[in-house]
Every structure is written in C-alpha cells, then in structure tokens.
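A.B. asks: One structure, as structure tokens, below. Some questions next.
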Amino acid sequence: MIHAVGFDLDETLAVPERDRSTLLSEAIRAADADSLLADLTRDSYLRAHREHSGDRTREPVFAALVEEHAENGDVDPARLAAAYRRTVEEALVPVEGAADLVGTLRESYRVGLLTDGPVRTQRGKLETLGWTGLFDAVVVTGELPEPKPDPRTFRRLLDDLGVDPREAAFVGDHPEADVAGAADAGLYAVQVSYPGGPDPHPGADAVIDRDALAERLPGLLASL
C-alpha cells in the first residue's frame, strides 16, 4: 500500500510559459551581455550545466560559458546567473490543479518534492509559485552529493517522508532521472507525459498525461 508520494517539479508540476531558449536569450539581454554572448545556444548552456552545475546557484555554469564565449569582453557570471534565475522564475506557472492535487493527496499520504538544481534556484521557484509550505518534505539535489537518478537522492526523500521504498510512488517526467531513478531505488514510478515530451520509459509502472494529472493521479495511486 502506498503511504507517500514524491513529485518532480519542473515540467511535472510547473512549466515555463516560454521555451528555455527564449528564456536564456531574455536573461542575456537583461544582463546587458547580448553583444558578447550572441552566439550562445541552449545546447551550449546544457553542456556547461552538465559539467559545472553549482550547488547553490548557476554561477559556475555561466562562468564557464563566459570563459568560452566572451573572451574579449567583461561579463559578470553572477549577474548572468541572477538574471537567468529571475527570468525562469517569472515565466514559471503551475500545471492546472497542481496545488489542489497536492493538498488533496496530503489528506491520505505524506507528500514530498525531489527536484534537481541549485538550492537557491529551486527554492526560489517554490517561493514564486507560493508553494513553500505545500509539501511535507522538500529535497533539492544541490544539497546532495549527486542529482537524480542517484539512489541516494531518493533515499533522502524517503527518509524525510518516513517511509520505505515500496510504500512510496514517485511522479516525474524525465525517463532516466525520474522514472528509472525511482524504479531503481525501489519506488513505484509514474511518468508524466505531454506533447513534445520524452517517450515513456519501459520501467514506468504507469504513464499519465500532464493535463489529466490532477484528475487521474489520486485514483491511479489508490490502484498501486
């Protein structure tokens, strides 16, 4: 029987109103760095993020990008990181019914959040959404040795919720980080799908459309 539910945040419970490439461009302009970083692409950002992600902010990511793309100009990585954080936060909106869903589930389950990213960035998103008190437990992987799908991240969430793996389900959109990671850690894994999103992972115990998450998830959890 399920006694706890964990959620991913980005692209599961909240989504940006504009695509990530647009948000990156907006942040670069806000930091007055567009003339020096005009050739910076989303792919370059993602590559730097994989190699240099910081535990508190994205400043190490932007420091690497500045070194690579703005050799002949003066660009402050901290200013860029702050501009990007503000831009993403301001563009973030909840999936329809997400907060009510979590509130309803907390009547029957312990409910937690496990989200990848720097601490200030991810907790800032919760503040923007008005969700700082929405969950029984919040784990940001910037506080931990490794991000998802490392099993230690899921064990931390389980410990904070006070349950064993087979007493918990995890709900997220990413096939490897969320679905495979949860399954490998012994949790039930529910994959959230949406147009243009990743294909379902074969290890998912269930797949649910994001638009139907608030309506269908309670019944699905009861069936696990």
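The values are calculated or read from the model by the stated rules, or taken from the named source; none is laboratory data. These numbers come from a predicted model, not from an experiment. FYI the Cβ positions are ideal-geometry reconstructions off the backbone, even for glycines, and counts take in every protein chain you see. Remember, those area values only see protein heavy atoms, side chains included, never the ligands or the DNA or RNA. Shrake-Rupley method; radii C 1.70, N 1.55, O 1.52, S 1.80 Å.
A.B. asks: One residue is enough: does region 116-123 have a residue meeting the conditions under 15 Å from Leu13 (Cβ atoms) and open to solvent by less than 30 Å² (accessible area, probe 1.4 Å)?
C.D. replies: yes
A.B. asks: Residues in region 194-221 that are under 19 Å from Leu105 (Cβ atoms), open to solvent by 20 Å² or more (accessible area, probe 1.4 Å) and in contact (Cβ under 8 Å) with a residue 60 or more places away in the chain: how many?
C.D. replies: 5
A.B. asks: Next question. What strands (runs of 3 or more DSSP E), lying completely within region 12-115, carry at least 1 residues that are touching an Asp or Glu at 6+ places or on another chain (Cβ under 6 Å)?
C.D. replies: 92-94, 110-115
A.B. asks: Restricting region 152-193 to residues that are among the basic types (Lys, Arg) and either in contact (Cβ under 8 Å) with a residue 60 or more places away in the chain or within 22 Å of Gly142 (Cα to Cα) (or both), which is least open to solvent (accessible area, probe 1.4 Å)?
C.D. replies: Across region 152-193, the extreme among qualifying residues is Arg156.
A.B. asks: Here's a follow-up. Would you check if Thr128 is touching a strand residue (DSSP E or B) at 6+ places or on another chain (Cβ under 9 Å), on the phi < 0 side of the Ramachandran plot, free of Cβ contacts under 8 Å to residues at least 12 places away in the same chain and open to solvent by 10 Å² or more (accessible area, probe 1.4 Å)?
C.D. replies: In short, no.
A.B. asks: Under 6 Å by Cβ, and 6 or more places apart or on different chains, what pairs join a residue from region 18-33 that is in contact (Cβ under 8 Å) with a residue 60 or more places away in the chain with one that is crowded, with 19+ Cβ neighbours inside 10 Å and of a type outside the set (Ser, Thr, Tyr)?
C.D. replies: Partner pairs satisfying both residue conditions: Leu23/Val88; Ala27/Ala83.
A.B. asks: If you go through region 172-186 one residue at a time, do you hit one that is of a type outside the set (Ser, Thr, Tyr) and part of a strand (DSSP E or B)?
C.D. replies: Among the residues of region 172-186, at least one is of a type outside the set (Ser, Thr, Tyr) and part of a strand (DSSP E or B), which makes the answer yes.
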